[in-house]
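Inspection log for the structure reproduced underneath, given as structure tokens.
The values are calculated or read from the model by the stated rules, or taken from the named source; none is laboratory data. Please read all numbers here as calculations on a predicted model, not as lab measurements. Every residue, glycine among them, receives a Cβ derived from its backbone with ideal geometry; neighbour counts consider all protein chains shown. With ligands, DNA and RNA removed, areas are computed over all heavy atoms of the protein, side chains included. Shrake-Rupley method; radii C 1.70, N 1.55, O 1.52, S 1.80 Å.
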Amino acid sequence: MATGKDQVYFVGVDVGTASARAAVVSTSGKVLSTASHPIQVLSFEGGRYEQSSDDIWDACCCAVTEAVRASNVAVDAIKGIGFDATCSLVIVSDLPLPISKDLHGDVIMWADHRANDVAKEMNATNHPVLKRFGGGISPEMSAAKVAWLARQFASTPVLKHITHLMELPDYLTYRATGNRTTRSLCSLSCKWTYVQGEGWPVDFWKQFDVDFSKPGDVMASKMTNESVLPLPAGHPIAHCISSLTAKQLGLNEETVVAAPLIDAYAVGSATLATPINSDDHPALELLGHRLAVIAGTSTCHIALSRQINFVPGVWGPYTDVILSGFHCAEGGQSATGQLLDHLIKSHPAANDVVREAAATGSNVHIYLNDAIKRMTPERQLPFAALLTETIHVTPDFHGNRSPFADPNMRGTVTGLDLGANVQSLAKLYYAGVLALCYGTKQIIQTMNQNGYEIDSVFLGGGLSKNDLFVESLADVLGMPVVLGGEEEVVLLGSAILAATAYRMASMPSKDAGDALWQSMCEMSAAGRVAQPNQNPQLESFHNRKYAVFLRMYEQQRELRDIMTAETT
């Protein structure tokens, strides 16, 4: 790649739950500028969450144009654009919104659980493909949502007006290029049941009114357009930016568009090559010891292995979705940053904390972290975590994604009192932070019992900016938690895809996996490393509190069994 006066740059775009963000990034991985634009979320009873695809695309255009303008980089120097997004289902149709009384938006969001019953039916088949999803399809996956659509609108004219069904990352590259025939291998493998090297599980889908063996099948054609080409991450898409998109984004038509990733996997591309305490990037063989964690509204845990490892309650293995020759596993927690916000807002002192944080120019999390720092010496405690000795939380307020794969599991809090002051809220918030850390420990233990050897965590997402969470995670796990040299690791990940596409377009014979790994190494740098506290008292405390955490799950199952038992 060129340097000096011929330096080239890339744009990374990340579409999260509530905003679209963009960054201009150099070939060394330095983020020059960022911009963000909000996205509207429509929420309804019954765990239904929707968005508008046009609203999402408009937000992307606003974010990109603002980021490019703020970077002071000449448009001609921007050579590639990469996208990542949440794993939401986009319904492309010629119908105005609302599509129907059951669909106000044309995007069914990742958090939407309307397909819970269909997911249960899918899992009851015990089909071999379910092994690649931790033993069961989640209602958050597009596979379940597609089957729900097929049933919901089977006898209505709505299906005739739906032309394509796409994962949101693929929809963004479709809008950028006008190319409807490509999908990312990541989207199809991780959320749609496509298996690299094998294709679609035809007999599985026939049970849910989708027949891939039948030419022109209504639903299969909408899922695949009958000519879908699954592309590996970072592979250049056949078309560059369309003339319309170039105007919308403020970029040149020659800008190369990269095959996208789901947001969690983009964090993997941005972090898994990060050196620890040196300038040396890891050997490929050591990637099985690393876990990429994107902790934001929800949390995803991404690990790679040369071996095919089936892990109960952990999605995967997905072959070649990040790097060629590696199998990817994805654990997750459905509500993390969202959980902390919920705990805060539901407490009587919430308004006081919001007001006082604003008065000090801080945010609520930093304000509560500072309160915890003050409370520890005031109460003459040897370490801050003792503030949570009598209050315990399990974090599954929106179901358990890993390791139980149980969307009906619910969060619990024990040890509440009548406290209504800031100190009471700080303890509840801290207990919530620790619950998230214990949940990640539980996922790592399950993965390590099934073929992985994870001994370090590489953290990105909004919660990576929360010092209390970062330090607690290192203490609970007993392993280093590594932050990248750039805070915006998700945006860096999508920019790495853009760099890979530009590299491959310049050298057509380059293998996608090799090109991506080279970009990952060139553009990722070490930042802060949080090492676990070696205090034996603190270690003992966390071991005991973790034992309580596990026991609370047992108790929840016992209570659920009591309440669902038949009355005699």
For this session: Would you kindly state how much longer the chain becomes between Val202 and Ala350 on full extension, computed as 0.36 nm times their sequence separation minus their alpha carbon distance, in nm to one decimal?
Result: 48.1 nm
For this session: For segment 435-485, evaluate the Debye formula with one uniform point scatterer on each Cα (no solvent term) and list log10 I(q)/I(0) at q = 0.18, 0.24, 0.32 Å⁻¹, rounded to two decimals.
Result: -0.55, -0.92, -1.33
Exercise. Once amide H atoms are placed 1.01 Å from N in the peptide plane, what residues at a sequence separation of 5 or more from Ile137, or on another chain, have their amide H within under 5 Å of its amide H?
Worked result: Asn123
Problem set entry | Rounded to whole Hz, the Karplus (6.51, -1.76, 1.60) HN-Hα couplings of segment 454-461, x for glycine and proline | 6, 9, 7, 10, 10, 10, x, x
Seminar exercise, completed: For Ile276, other-chain or 5+-apart residues with amide H closer than 5 Å (H placed, Pro excluded) are none
Exercise. Which whole-Hz ³J(HN,Hα) couplings does segment 260-265 yield from phi under the Karplus relation 6.51 cos²θ - 1.76 cosθ + 1.60, θ = phi - 60°, glycine and proline marked x?
Worked result: x, 10, 5, 3, 4, 6
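Charges only on Cβ, +1 for Lys and Arg, -1 for Asp and Glu: so what's the dipole of the chain about the Cα centre, in debye to the nearest 20? Before the final figure, lay out each step's value.
Values: 42 positive and 58 negative charges, 53 e Å.
Computed charge dipole of the chain: roughly 260 debye.
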Exercise. So how compact is segment 466-568: Cα radius of gyration and Dmax in angstrom?
Worked result: 22.7, 73
For this session: Go through segment 381-394 residue by residue and turn each phi into a ³J(HN,Hα) via Karplus (6.51, -1.76, 1.60, θ = phi - 60°); whole Hz please, and just put x for glycine and proline.
Result: 9, x, 7, 5, 4, 4, 4, 9, 4, 10, 10, 10, 9, 10
Exercise. Based on the Cβ-Cβ distance of Arg560 and Glu45, what FRET efficiency does E = 1/(1 + (r/R0)^6) give at R0 = 30 Å, to the nearest 0.05?
Worked result: 0.85
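Summarise the accessible area of the chain (1.4 Å probe, protein heavy atoms) by the percent that is carbon and sulfur. Don't skip to the end; give the middle numbers.
Details: 10930 of 21940 Å².
Answer for the chain: carbon and sulfur cover 50 percent of the accessible area.
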Exercise. Which value in nm describes the separation of the simple spin-label points at Ser324 and Asp58, placed 7 Å from the Cα toward the beta carbon?
Worked result: 4.2 nm
For this session: Provide Rg and Dmax in Å for segment 144-218, with only Cα atoms included in the calculation.
Result: 13.1, 36
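Would you mind working out the accessible area per residue for segment 327-481, using a 1.4 Å probe, and quoting it in Å²?
Working: 5910 Å² over 155 residues.
Roughly 38 Å² per residue, with all protein chains present.
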Problem set entry | Debye log10 I(q)/I(0) for segment 101-259, one point scatterer per Cα, at q = 0.12, 0.13 Å⁻¹ | -0.55, -0.64
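State the extension gain, in nm to one decimal, for the chain segment bounded by Lys160 and Ser213, taking 0.36 nm per residue of separation less the distance between their alpha-carbons.
Working: separation 53, 0.36 × 53 = 19.08 nm, distance 2.01 nm.
Working it through step by step, the gained length comes to 17.1 nm.
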Exercise. Over the Cα atoms of segment 358-454, how large are the radius of gyration and the largest Cα-Cα distance (Dmax), in Å?
Worked result: 16.1, 50
Exercise. Using a basic spin-label model with each label point 7 Å from the Cα along Cα→Cβ, how many nm lie between Ile308 and Glu389?
Worked result: 5.1 nm
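With contacts defined as alpha carbon pairs under 8 Å and 6 or more residues apart, what's the relative contact order of segment 62-185 in percent?
Details: 124 pairs, mean separation 39.4, N = 124.
The value is 32 percent.
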For this session: Using only the Cα atoms of the chain, each taken as one equal point scatterer with no solvent, compute I(q) by the Debye sum, divide by I(0), and report log10 of the ratio at q = 0.09 Å⁻¹.
Result: -0.66
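Under 24 Å between C-alpha atoms is the cut-off here; go through segment 1-138 and count lysine pairs that meet it, provided they're at least eight residues apart or on different chains. Intermediate results must be reported in sequence, preceding the final value.
Working: Lys5/Lys30; Lys5/Lys79; Lys30/Lys79; Lys120/Lys131.
So the count works out to 4.
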Exercise. Quick one: which of 142-149, 39-46 comes out on top by average Cβ neighbours within 10 Å, and what's the full order, highest first?
Worked result: 142-149, 39-46
For this session: Return a whole-number percent for the relative contact order of the chain, with Cα pairs under 8 Å and 6 or more residues apart as the contact set.
Result: 17 percent
For this session: Express the accessible area of segment 161-242 per residue in Å², computed with a 1.4 Å probe while the remaining protein chains stay in the model.
Result: 35 Å²
Problem set entry | Straight-distance crosslink candidates among aspartates and glutamates, where the alpha carbon sits under 19 Å from Lys222 and sequence neighbours closer than 8 are dropped | Asp94, Asp106, Glu167, Asp170, Asp203, Asp209, Asp211
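Mind pulling the per residue volume of the convex hull built on the Cα atoms of segment 1-127? Å³ is fine. Mind dumping the intermediate values first?
Numbers: hull volume 18.9 nm³, N = 127.
It comes to 149 Å³ per residue, whole-number rounded.
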For this session: Over segment 1-97, average the accessible area per residue using a 1.4 Å probe and give it in Å², no decimals.
Result: 39 Å²
For this session: Only Cα pairs under 8 Å and at least 6 apart count here; give the relative contact order of segment 129-259 as a rounded whole percent.
Result: 27 percent
Seminar exercise, completed: For Gly316, other-chain or 5+-apart residues with amide H closer than 5 Å (H placed, Pro excluded) are Phe133, Gly134, Glu330
Exercise. Taking the Cα centre of the chain as the origin and placing charges on Cβ (Lys, Arg +1; Asp, Glu -1), which of Ser269, Asn421, Phe83 is farthest toward the positive end of the dipole?
Worked result: Asn421
